[in-house]
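Structure first, then comments.
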Amino acid sequence: MAEDQHGATPTTNGYDVVVVGAGFAGMYLLHRLRKLGFSARVYETGTGVGGTWYWNRYPGARCDVQSIEYSCSFDPELEQEWTWSEKFATQPEILRYANHVADRFGLRCDIQFSTRVLSAAFDEQRRRWAIRTDRGDEVSAQFYVMASGCLSSSKNPEIPGIDTFAGPTYHTGHWPHEGVDLTGKRVAVIGTGSSGIQSIPIIADQAAQLTVFQRTPNFSVPARNRPLEPAEIADAKARYPELRDFMRHSRGGQLRQMPDKSAFEVAAPQRNARYLEGWEAGNLGGLLGAYNDLMTDKAANDTVSEFIRGKIREIVHDPQVAEALCPKDHPFGTKRPCLDTDYYATFNRDHVRLVDLRSTPIATITPSGIDTTTESFAFDAIVFATGFDAMTGAIVNVDIRGIDGLGLKDKWAEGARTYLGLGVAGFPNFFTITGPGSPSVLSNMMVSIEQHVEWITDCLDHLRRHAVATIAAEPHAENDWVQHVNEVGDLTLYPTANSWYMGANVPGKPRVFLPYVGGVGTYRGICDEVAASGYKGFVLSS
Ligand code: FAD
Ligand code: N01
């Protein structure tokens, strides 16, 4: 696999656009910008493209939106020439795909790898951004775009003694490229979100002893992954335009019909039969999309949550372990649910143990292992599956300064504020891709990335054609949008959970519901209307 080592020679040039990040968002943005004749430079910390799929190489990493849906739609030839092998592609396959996209469109020459952007400041006199990197680059650009990822700023747990452990520690979001052999080892995994739930069954296959430290049990549904049949690949390839069109105007950016019934419109036996179908379906939509009030009515949600708890109790032999694995502190779906292969059954294996941190919290990490309030454990390796500073982390890690030197981090001290998740008042010619206030992580991200890239590049083209030098979100438009995002969020059960959607996993992060829950189709309509009206809510200055 191609890995690039650009970045040795610092650049001092000016560009039309500087982009941070070479995941799928940064790559597609670069492709569109070049097609429109803009000069662009992408900076990427990693040594290769792929973003999420470059960093998250832990055992079992794969997508949980079906591969055929979780792929680029912008080029019909790319769609036809790439063939996915499994219903849910593995991380190595998705990374190969990302590299194929980079090669096919000749993107690498405009991406500077091994380079972290440190700061970006808007120069009001010149009406340009001044960008600095950790390799000594000092470049200027008319436009500055953060395509830096919603789940790219990984987070170690705040546990005393974390640096004292004598053996190796690994974070799922920064997994070593050469792989890790845990064969015969005593391994601890801390965290039971999607990364933990995907990796735990595979680590259990290797380890001599596996101890899983769980703070909050999560809902998980069997993935029922399998190779794709030639006939279904042929069908998708024949119908891609129609399928993509459906996804773009859907709620979650996937090939999922929206339910038209409430959970209480049917009797309990019929409802449970529907949930069983959803459980068997091998996707999250089967249960999340069973009834139209599961995410808005706690009583309705209780019916599906209890169905899943029943399944956990059926699978896990030890009733005490089963009970500890049953999520009871949040409604199904309000923390990102997981798709797994044999996750719950892994706890039936003799060498796998669950430690419930709600009853015996971790006191400290020690040189030899982990001490809880009641027991000392010895380990050869510790895996942190402890997640990310989601949606805002990678953005505020860069010192971004707008009008009057205002820092974005300071502006967002009480919670992220954007207009449409695309622009920020006080920060002219600055855009975020899948930023807070957009459907983003609540959707098939490929669909949301493409929508943002196309909206931003159409906007830049419009500005150029009308000789506009700056575009800036208006404070009142930003206020109205933030209010709308909160109002729509408050109609749902999402704010009731301590999730990363709410910033709750990062101590001190303001508790704000970050994504827009209105749905990708509705949101696309709003963004299109804003563009058609001559960018209502933005000030355009020549
Ligand atoms: P990323 O892929 O995160 O790329 C951002 C890049 O920016 C990174 O490479 C990072 O190194 C770089 N960067 C950040 N800051 C800087 C800086 N200051 N300087 C230079 N470079 C910087 N979504 C789905 O829709 N379906 C799925 O099935 C799915 N599965 C996932 C599985 C995992 C394990 C994870 C972690 C996420 C998953 N996601 C999924 C979400 C996933 O993040 C998106 O689908 C998508 O890959 C994001 O692409 P991106 O280009 O926006 O960001
Ligand atoms: O991270 P998470 P993730 N002590 O934040 C626990 C996407 N993704 O990397 O819930 C003990 O979900 C924490 O506990 P709690 C997907 O969008 C997709 O797993 O905070 N435990 C939690 O259990 C996903 O949602 C796939 O109480 C601590 C876990 O660590 C997102 O990325 C695969 C702790 C973190 O879970 C993030 O997933 C992987 C502490 N101090 C990721 N701190 C697919 O399948 C944290 N935890 C597509």
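The values are calculated or read from the model by the stated rules, or taken from the named source; none is laboratory data. As the structure is a computational prediction, the values presented were derived from the model and not from experiment. Positions of Cβ are backbone-derived with ideal geometry, glycine not excepted, and every protein chain shown enters the neighbour counts.
Annotations
- Residue within region 458-481 that is within 16 Å of ligand 2 (Cβ to nearest atom), at positive phi and either more than 26 Å from the chain's Cα centre (by Cα) or part of a helix (DSSP H, G or I) (or both) present: no
- Taking region 326-370 and the strands (runs of 3 or more DSSP E) fully enclosed by it, the elements with 2 or more residues that are more than 23 Å from GLY167 (Cβ to Cβ) and at pLDDT 95 or above are at 338-340.
- Yes/no for ILE449 being touching a strand residue (DSSP E or B) at 6+ places or on another chain (Cβ under 6 Å) and either part of a loop (DSSP other than H, G, I, E, B) or outside the structural domain of ASP318 (by TED's automatic domain parsing) (or both): no
- In region 140-160, residue nearest to ILE456 (Cα to Cα) [restricted to those that are part of a loop (DSSP other than H, G, I, E, B) and hydrophobic (A, V, I, L, M, F, W, C)]: ALA147
- Residues that are free of Cβ contacts under 8 Å to residues at least 60 places away in the same chain and part of a helix (DSSP H, G or I) were ranked within region 61-95; the one that is surrounded by the most Cβ atoms within 10 Å (Cβ to Cβ) is ILE94.
- Hits in region 192-221 (condition: over 24 Å from TRP279 (Cβ atoms) and either hydroxyl-bearing (Ser, Thr, Tyr) or within 16 Å of ligand 1 (Cβ to nearest atom) (or both)): ILE203, THR211
- Selection count where residues are within 16 Å of ligand 1 (Cβ to nearest atom), of a type outside the set (D, E, K, R) and crowded, with 18+ Cβ neighbours inside 10 Å, scope region 131-174: 19
- The set of residues in region 482-510 that are assigned to a loop (DSSP other than H, G, I, E, B) and within 16 Å of ASP329 (Cβ to Cβ) comprises LEU493, ALA497, ASN498, SER499, ALA504, ASN505.
- Hey, PRO217 assigned to a helix (DSSP H, G or I) and outside the structural domain of SER448 (by TED's automatic domain parsing) or not: no
- The single condition from (1) closer than 30 Å to SER154 by Cβ; (2) in contact with an Asp or Glu (Cβ under 6 Å, 6 or more places away or on another chain) that GLY537 fails is (1).
- Filter result for ASP350 (assigned by TED's automatic domain parsing to the domain that holds VAL221, surrounded by fewer than 17 Cβ atoms within 10 Å (Cβ to Cβ), more than 16 Å from ligand 1 (Cβ to nearest atom) and acidic (Asp, Glu)): yes
- Residue within region 446-467 that is out of contact with any Gly (no Cβ under 9 Å at 6 or more places or on another chain), more than 24 Å from ARG128 (Cβ to Cβ) and among the β-branched types (Val, Ile, Thr) present: no
- Lone qualifier among ALA263, ALA281 - being hydrophobic (A, V, I, L, M, F, W, C), in contact (Cβ under 8 Å) with a residue 40 or more places away in the chain and closer than 30 Å to PRO76 by Cα: ALA281
- Restricting region 7-49 to residues that are within 16 Å of ligand 1 (Cβ to nearest atom) and at positive phi, the residue that is modelled with the lowest pLDDT is GLY7.
- Residues that are surrounded by 11 or more Cβ atoms within 10 Å (Cβ to Cβ) and either under 30 Å from LYS311 (Cα atoms) or not aromatic (Phe, Trp, Tyr) (or both) within region 228-240 comprise LEU228, GLU232, ILE233, ALA234, ASP235, ALA236, LYS237, ALA238, ARG239, listed in sequence order.
- Only one of THR364, THR418, THR373, THR386 that is touching a helix residue (DSSP H, G or I) at 6+ places or on another chain (Cβ under 9 Å) and surrounded by fewer than 16 Cβ atoms within 10 Å (Cβ to Cβ): THR364
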